[in-house]
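First the structure, in the form of structure tokens, and then the observations on it.
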């Protein structure tokens, strides 16, 4: 930027003209005039704002106040940029349950008293009443969750109230009884599956945990020893051909697998011990989650090395620190929705325009290997 002429060299100016360095009188337009620099006001007059010129405005007498408009308070969702992950990424890991069936409509046809008297006898009413007492005994014997037992007892209490209201409410009472019976049967199946399938899944996850942990300490040594046979170099400036790049890729893959094992163990504990709703039909999820974590760990490493997500830090040597990559790889294995959010962001990056050409918003890639 050219420096302004000094006070001694500058020639007198008017409001509309300015004498430049060549001695020519040109229109000023308020852009090049040299005016004396005004001293900043005193601290008390400045109000701590570090102003370099006095504030313009009307002078207020003592006791008068300038009307002020209150500034709107920004909402809690006003932040810079969009969140990196969606709300699904914060959900606990585990197989997704099917949605609940639609509720039964309240409006039902009014029963015909003649038909009810013919089909529902007093013996049926008494048999259902006794059956409710038998189910209460099963609840005390089989259900080991206090909140679940309270819900069942409340449903049976409603069933008794329907029975005492008359024969026309027999179907409502029986529906509540059948629902409690189903929940007890389901709980027994869950307990049986937890003792058999649950333990097999537990030992499978433990074996995967031991294998991945051993690989995390042993595979980097083997890669350093034999990577030159695959054409990799020890020099740090070899970028994608360096041994360090390959070693960190292997570590990121293993960290993703460890996240998958952790997520599977957490889901197993949640459904077997806490919620007691373990379903052996979802066993394939527990078997594949560590494998998916390994694959997603490798994917996260490629995304981070490509510079698509800037969560890495740079060390003094100029190499990208690998710890943030390993953390994100573990999170992707623990909760796969983290990786799926990244995939959705990549699809938006490479979205196809109206002319059939892909629009890429990538502004650069990282060619330096991450340092462990």
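Read the figures in this text as sums done on the coordinates, not as results from a lab. These numbers were taken from a predicted model, which means no experiment stands behind them. When we count neighbours, we look across all protein chains shown, and the Cβ atoms used for this are built from the backbone with ideal geometry, even at glycine.
Taking the average, over residues, of other Cβ atoms within 10 Å as the packing measure, peptides 171-178, 292-299, 142-149 rank 292-299, 171-178, 142-149 from highest down.
Note on 232, 182, 340: ascending count of other Cβ atoms within 10 Å places them as 182, 340, 232, the fewest first. Contact order for segment 122-199, expressed relative to its length and based on alpha carbon pairs under 8 Å spaced 6+ residues apart, stands at 31 percent. Compared with the alpha-carbon gap, the fully stretched path from residue 160 to residue 321 is longer by 51.3 nm at 0.36 nm per residue.
Centre-to-centre, using Cα atoms only, segment 199-271 and segment 326-344 are separated by 16 Å.
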